[in-house]
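The values are calculated or read from the model by the stated rules, or taken from the named source; none is laboratory data. The shown structure was predicted, so the numbers you read here are calculated from the model rather than taken from an experiment. Ideal geometry is used to build each Cβ from the backbone, glycine not excepted, and the neighbour counts take in all protein chains shown.
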There are 2 protein chains.
Amino acid sequence: MKIENSQPGNKIAVLADDMERHGKERDAPVREVMGLLGDRWSTLILLVLATGTWRHAELRRMLGQLSAEQAISQRVLTLKLRTLERDGFVARTASAEVPPKVSYELTPLGSELQGEARRLIDWINARASAIHHAREGFDRSED
Amino acid sequence: MKIENSQPGNKIAVLADDMERHGKERDAPVREVMGLLGDRWSTLILLVLATGTWRHAELRRMLGQLSAEQAISQRVLTLKLRTLERDGFVARTASAEVPPKVSYELTPLGSELQGEARRLIDWINARASAIHHAREGFDRSED
DNA sequence: CCGCATCCTAGGCGATACTG
DNA sequence: CAGTATCGCCTAGGATGCGG
């Protein structure tokens with residue numbers, strides 16, 4: 001894992017395994033999952049579902065409160081939940097009645113992912129002031 | 001950190017600190033940094049820069065090789081590098097000559113972030129088959 | 001060699017209205 | 001209550017050309 005920085009040739013060799021992981025985006029879900037965490041709502045959904053089982057509408061209201069600036073649209077919540085379900089992070093339980101009763105909760109796999117996401121969030125929060133400071137310095141020398 | 005799942009009221013109380021972190025997106029760089037890692041190129045740039053110092057063009061060629069499906073455009077590479085620089089993850093060194101010589105490398109903060117990103121990538125890769133399996137099952141019952 | 005300006009397209013997301 | 005369909009906006013990001 002130690003890396004010497006000299007010839008480009010070496011660098012290419014060193015990064016070969018990363019290419020292995022990143023190059024074949026087709027089969028590797030790395031980009032998709034990273035994209036999940038980076039999008040507007042999915043991480044927040046994971047955090048809320050970490051507290052238990054939620055109905056669709058209740059979850060929607062909760063997300064609106066947490067993010068506050070603006071509520072998630074019904075359509076997008078359904079989309080996000082479907083994506084999370086497809087990847088095995090969320091379990092969906094429905095009764096085909098009218099009105100429907102649908103519940104969502106984390107799977108064990110989703111719970112793991114939530115833990116990983118939370119670690120990243122914690123790291124970012126811990127470095128928030130450093131980042132903020134860097135931005136101020138950068139922006140000041142930009143004008 | 002232990003969470004009981006019963007009344008919505010409890011859930012709301014439990015999530016109060018998450019609201020603290022997520023609700024005020026204006027000052028909190030959490031979403032922005034998460035977005036960084038989720039976007040098309042930034043994580044890959046961090047991985048490459050973890051190997052040392054790179055010139056713009058060289059870096060561009062390297063990224064093209066790693067991601068292969070399609071090279072990063074010159075414009076976007078400049079944009080991404082600027083964002084990373086603004087947040088204090090990347091240091092830029094330039095000589096105002098013609099032709100210019102510009103070099104990029106990770107800051108200590110950027111190096112940390114790269115480590116975090118790599119942990120996430122490793123986790124995803126470790127669970128890749130589980131995710132893949134979940135998707136297959138989901139897609140099969142969708143038709 | 002590097003950055004910027006311009007143009008263009010695909011996709012994420014919100015709003016609304018409608019069904020079972 | 002949950003999901004779907006349609007619309008329209010806005011941003012990420014690719015292509016190209018110029019200028020220092």
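So, residue B:36, is that one more than 10 Å from DNA strand C (Cβ to nearest atom), touching a residue at least 60 places away in the same chain (Cβ under 8 Å) and either buried (at least 21 other Cβ atoms within 10 Å of the Cβ) or among the β-branched types (Val, Ile, Thr) (or both) or not?
For residue B:36, the condition - more than 10 Å from DNA strand C (Cβ to nearest atom), touching a residue at least 60 places away in the same chain (Cβ under 8 Å) and either buried (at least 21 other Cβ atoms within 10 Å of the Cβ) or among the β-branched types (Val, Ile, Thr) (or both) - is not met.
Looking only at segment A:80-102, how many residues end up being within 8 Å of DNA strand D (Cβ to nearest atom), of a type in the set (A, V, I, L, M) and under 30 Å from residue B:132 (Cβ atoms)?
3
For segment A:91-118, what are the residues that are among the polar types (S, T, N, Q) and more than 10 Å from chain B (Cβ to nearest Cβ)?
Correct list: A:93, A:95, A:103, A:111, A:114.
Out of the residues in segment A:13-35 that are in a helix (DSSP H, G or I) and more than 7 Å from every other protein chain (Cβ to nearest Cβ), which is modelled with the highest pLDDT?
A:32
Filter segment A:43-52 down to the residues that are in contact (Cβ under 8 Å) with a residue 24 or more places away in the chain and facing chain B (nearest Cβ under 9 Å), then identify the one that is surrounded by the fewest Cβ atoms within 10 Å (Cβ to Cβ).
Once the filter is applied, the top-ranked residue is A:52.
Output the number of residues of segment A:53-69 satisfying the condition of being at the interface with another protein chain (Cβ under 10 Å from one of its Cβ atoms), surrounded by fewer than 18 Cβ atoms within 10 Å (Cβ to Cβ) and either on the phi > 0 side of the Ramachandran plot or not basic (Lys, Arg) (or both).
Total meeting the criteria: 5.
Being in the same structural domain as residue B:53 (by TED's automatic domain parsing), free of Cβ contacts under 8 Å to residues at least 60 places away in the same chain and under 18 Å from residue A:34 (Cα atoms) narrows it down to one residue among B:116, B:105; which is it?
Within the list B:116, B:105, the selection yields B:116.
Restricting attention to segment B:70-102, which residues are within 11 Å of DNA strand C (Cβ to nearest atom), surrounded by 19 or more Cβ atoms within 10 Å (Cβ to Cβ) and among the charged types (D, E, K, R)?
B:80
Let me confirm something: among B:121, B:131, which residue is within 30 Å of residue A:112 (Cα to Cα), at the interface with chain A (Cβ under 7 Å from one of its Cβ atoms) and in contact (Cβ under 8 Å) with a residue 40 or more places away in the chain?
Checking each option against the conditions leaves just B:121.
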